[in-house]
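Read through the structure below, which is laid out as structure tokens, and then see the notes.
The values are calculated or read from the model by the stated rules, or taken from the named source; none is laboratory data. This structure is a prediction, so every number in the text was calculated from the model and none was measured. When we count neighbours, we look across all protein chains shown, and the Cβ atoms used for this are built from the backbone with ideal geometry, even at glycine. SASA here: full protein model, heavy atoms, side chains in, ligands and nucleic acids out. Shrake-Rupley method; radii C 1.70, N 1.55, O 1.52, S 1.80 Å.
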Amino acid sequence: MEIERKYKIETPPDNYKSYPFHIIEQAYLCIRPVVRIRKQDDEYYLTYKSKGLLSREEYNLPLTKEAYDHLLPKADGIILTKKRYRIPLSSSENTGLTIELDVFSGTYEGLILAEVEFPTEEAALSFTPPDWFGQDVTFTGEYQNSRLSQGIIPGQ
């Protein structure tokens, strides 16, 4: 089960580039249900996600590079590219949580989103984000990666 909140970021913290990051490329074979392939650094995955906004089922299966390369041309829409910085949350009420700060390149150059995953829906709903977080877009679905891959510009 994936339980996460998502926020649009206008101005990330000055030091975000000092944190560890992953280089991600992902594409969608299907968006209802979501079936995604992802290259993260030198690892490859096939992911299934059920419907939902705050919480949904998620299953990750490993792929080989050859399988990923075979599936990539079959993807619908835009191939998303981004750097994902992993920033630990340090406040006492958020101990153990990590911000995944996605800085997009390519088609969505300039878009920055932050996701935080939680152990329970209660924890997600009671979360107080850092001051630098912008609009909470968790419940709109506008910024779901599967939607972005279809070229649907948020707010339009």
- Compactness of the stretch 20-82 - radius of gyration and Dmax, Cα, Å: 11.6, 33
- Cα radius of gyration and Dmax for the chain (Å): 15.3, 46
- What number in nm² do you get for the stretch 55-126 if you take the convex hull of its Cα atoms and divide its surface by four? 6.8
- Query: Given a 1.4 Å probe and every protein chain left where it sits, what share in percent of the accessible area of the chain is carbon and sulfur?
  - Reply: 52
- Per residue, accessible area of the chain with a 1.4 Å probe, heavy atoms of protein chains only, in Å², comes to 54
- Note on the structure: For the stretch 47-63, Karplus-derived ³J(HN,Hα) couplings (6.51, -1.76, 1.60; θ = phi - 60°; whole Hz; x for glycine and proline) come out as 10, 10, 10, 7, 5, x, 10, 7, 9, 6, 5, 9, 10, 10, 10, x, 10
- Sequence ranges 97-106, 36-45, ranked by mean other-Cβ count within 10 angstrom, highest first: 97-106, 36-45
- Task: Would you list which lysines come within 25 Å of K49, measuring only between C-alpha atoms, while excluding same-chain residues fewer than 8 positions from it?
- Result: K6, K8, K39, K65, K74, K82, K83
